[in-house]
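Trainee: Take a look at the following structure, please.
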Ligand code: AHR
C-alpha cells in the first residue's frame, strides 16, 4: 500500500495537514501573544523562575515629590490562595505627586494613538479613610500619555477598573500607580490591556500577532508545548486545570524556558483562539513523566524521580478525562459547566489529544503512557490520540517509539525534525514508503535551522512530500511559531516580533502558501522536470473539493532555472483562470524586523497554456492555483 504508484491518479489526503504549534518559549505568550502589558502583575515572580527575579521584578518604588512611606511584599491575606503574593503600601506622606509603584512592562509599554487601554487592579484599603489613586502612563521625561483617577473604598479586596485613552503613539512607557493620601493599601493583579485585542476579547490576545497566526489559516493548533508540557521536574508539569477560571485564581509557575508563566493565556483562551481562527485544537498533556530536554529529562531514566508516582496516576488520568469533558462535555457536566461559566456553553469540538512530547522511551514512560492511553481510548473512542516517538529520527528512542506505537496501535505519532536544509531535500521520499497500515504521522515540529530563503525552500520541498503523503501524514507544523526578538530562547522561529511590530520570515510565507492552498486530494505525477531528477526540485498537485481548484506547487532550491511540464490531461482542466504566487530571491535573503519586506510572494495572473513549459526560476517556490469554477 505504499506510495510507489506512478500513474496520474488521485488519492484522498488529510484535510488537517498544515497547522501551527504554539509554545510559550521566547516570550511567545507573556510579553507576546497574550496582550497584557504589565509584567509580573501579581508579584508572583521569584528566583525559582530566574535567578535575580523576585516579587518586585519589573516594578519600581516611587517616592517622588517628598512622599515617603514603606513598601513590602506580603502573603498573609491574598486575593486568592493560588495567587499568594501582594504588595503592601504604607503611605505616611503622599507628598506632591503621590507614593506608589511603576511597572516597566515587557521592555517598556508600547501604546498607540487613539486607542484605549483597560486598567484594572485589586486593592484593599487597610486604613479608615478612602485613598485617591492616580494611574498614569508616563515616558522617561515624565510626559503623561494616559491617566485615570479613582478613590478606594473600605471592606476587603475590591477590583477597580478604569480606561486610559492615549492620544499619541509611544513606546518605553511605564505604568504608574500612585496613592495621593496617607493610609495603607494592599495591591495585587495590576493589569493594563489594550481594548483592541484580537476580536476584542477580554483577557485577549495581541491583535497583530493573533492575526499573523490567523492569516496562516492553520487547520489545527497544538498547544501549550513542547518541553513546556512536561516541565523540568514533576512539579513543573503543565496542569491545564491551573490555567482556567478568573486570572487572579490561576496557579502560576516557572516556565521551563527560564522565565515565568502568568498563565493568563490558559486553556480557555487557547480553545477560544482555535475557534476564532478555525483551527482544530490539539492540546498536549504530559505522559506522566517530565521533560527529557532539561535537567528533569535526564532524571527520567536515572537518578531522581522517574515519573509521577503510580498512586497519583489515577488522579492524573482523571485530569485528562476532565480536559475532554471541559472541551466537549454538556453544560450540566462538572467540567462542561466550568466552560459554560467562562462564557462558552457550546462545546469546543475537541477531536485530538496529544499524550507526551519527545519522551525517552523508558519503561517509566511506556507504563504511564499506556495507562493514560488505554483509559482515553476506552472512554472516548471519538478522540484521536497523538503519541510520540522521541526527539529525533536519528536517536534510539525513535525506533523504540515506533515499536511501542505499533504494539499499542496508537492512531497518530508525533515526529520532530530540526535538521540541516540538506536533510529536508534528501528526505523527500521519507514517507513514500511508510506503512499505511500502521500509525499515521503528525510532524509536530520541524525547521531547517535558519530563516534564509534557502531554508524556507528546502522546507517547501519537504512540504510537497507531506502533501504527496497526506494519506499517512495527518498533520504537520513548523516550530517554534513565535519569538520576541529580545528574548529568543530558540532560533530559528516562524514569526519574530517586538512590542510594536512583527516580521513574517520567508519560512512564514512558505507555510502560508501551503496552508492557504491546501487540498483534500492529491493528484499523482502531474509535474515533471524534463527528465531531470534532482533533490533541489520538488513538486506537488492537490485539488480542493470545496472550490474545485487545482493547486500546483513547484520548488526549485537549486542555482539554475529549470523548465517543468505539467500534465494537463491528468488535470482535466476546464478553466483557464489561474493565479501564480511566487516567492523567489537570493538563497541568503531573509526578512528581518528592520527589513521585513525583503522577500514577499508576488501574485500575478497565470496563463494555463504556459503549463506545458513553465520555467521554474532558481531559488523559488511557485504556487499555481487554477480556478475550478
Ligand atoms: O520547539 C522547541 C522545543 O523543541 C520543543 O519544546 C520541544 O518539543 C523540542 O525539543
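Trainee: So, in segment 279-293, of the ones that are under 18 Å from the mean Cα position of the chain (by Cα) and not in a strand (DSSP E or B), which residue ends up farthest from the ligand (Cβ to nearest atom)?
Mentor: Per the stated criteria, the residue is 279.
Trainee: I would also like to ask the following. Give segment 579-619 a look and list any residue that's touching a helix residue (DSSP H, G or I) at 6+ places or on another chain (Cβ under 8 Å) and either in the same structural domain as residue 422 (by TED's automatic domain parsing) or modelled with pLDDT under 95 (or both), or say none.
Mentor: Correct list: 608, 611, 612.
Trainee: With 28, 47 as the choices, which residue is outside any strand (DSSP E or B), within 16 Å of the ligand (Cβ to nearest atom) and farther than 13 Å from residue 188 by Cα?
Mentor: That would be 28, the only listed residue that is outside any strand (DSSP E or B), within 16 Å of the ligand (Cβ to nearest atom) and farther than 13 Å from residue 188 by Cα.
Trainee: Another question, if that's okay. Report, by residue number, each residue of segment 364-395 that is within 16 Å of the ligand (Cβ to nearest atom), surrounded by fewer than 23 Cβ atoms within 10 Å (Cβ to Cβ) and either more than 25 Å from the chain's Cα centre (by Cα) or farther than 22 Å from residue 475 by Cα (or both).
Mentor: 394, 395
Trainee: Does segment 117-127 contain any residue that is exposed (fewer than 14 other Cβ atoms within 10 Å of the Cβ) and touching a strand residue (DSSP E or B) at 6+ places or on another chain (Cβ under 9 Å)? Talk me through it step by step, then tell me what you get.
Mentor: Of the residues in segment 117-127, the ones exposed (fewer than 14 other Cβ atoms within 10 Å of the Cβ) are none.
Within segment 117-127, none of the residues are exposed (fewer than 14 other Cβ atoms within 10 Å of the Cβ) and touching a strand residue (DSSP E or B) at 6+ places or on another chain (Cβ under 9 Å).
Trainee: How many residues does segment 421-447 contain that are within 16 Å of the ligand (Cβ to nearest atom) and either within 14 Å of residue 387 (Cβ to Cβ) or in a loop (DSSP other than H, G, I, E, B) (or both)?
Mentor: 4
Trainee: Can you find a residue in segment 403-410 that is surrounded by fewer than 21 Cβ atoms within 10 Å (Cβ to Cβ), over 19 Å from residue 320 (Cβ atoms) and in contact (Cβ under 8 Å) with a residue 12 or more places away in the chain?
Mentor: yes
Trainee: Related question: Of all strands (runs of 3 or more DSSP E) completely enclosed by segment 180-278, which ones contain at least 3 residues that are more than 16 Å from the ligand (Cβ to nearest atom)?
Mentor: It comes to 183-194.
Trainee: Further, regarding this structure: Working only within segment 361-381, note down all residues that are farther than 17 Å from residue 285 by Cβ and either touching a residue at least 24 places away in the same chain (Cβ under 8 Å) or in contact with a helix residue (DSSP H, G or I) (Cβ under 6 Å, 6 or more places away or on another chain) (or both).
Mentor: Of everything in segment 361-381, those that are farther than 17 Å from residue 285 by Cβ and either touching a residue at least 24 places away in the same chain (Cβ under 8 Å) or in contact with a helix residue (DSSP H, G or I) (Cβ under 6 Å, 6 or more places away or on another chain) (or both) turn out to be 361, 362.
Trainee: Quick one: which residue in 282, 234 is crowded, with 21+ Cβ neighbours inside 10 Å and at pLDDT 95 or above?
Mentor: 282
Trainee: Can you name the condition, by its number, that residue 471 falls short on among (1) within 16 Å of the ligand (Cβ to nearest atom); (2) surrounded by fewer than 21 Cβ atoms within 10 Å (Cβ to Cβ); (3) within 22 Å of residue 522 (Cβ to Cβ)?
Mentor: Here residue 471 meets the rest and fails (1).
Here's the yes/no breakdown for (1) within 15 Å of the ligand (Cβ to nearest atom); (2) surrounded by fewer than 24 Cβ atoms within 10 Å (Cβ to Cβ):
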position: 454; (1), (2): no, yes
position: 467; (1), (2): no, no
position: 486; (1), (2): no, yes
position: 491; (1), (2): yes, yes
position: 509; (1), (2): no, yes
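Trainee: Consider residue 460 carefully, then state whether it is more than 16 Å from the ligand (Cβ to nearest atom), under 30 Å from residue 258 (Cα atoms) and either within 25 Å of the chain's Cα centre (by Cα) or not assigned by TED's automatic domain parsing to the domain that holds residue 586 (or both).
Mentor: So residue 460 does not fit the description; no.
The values are calculated or read from the model by the stated rules, or taken from the named source; none is laboratory data. None of the values given here were measured: they were computed from a predicted structure. Don't worry about glycine lacking a Cβ; one is built from the backbone with ideal geometry, like all the others, and counts go over all protein chains shown.
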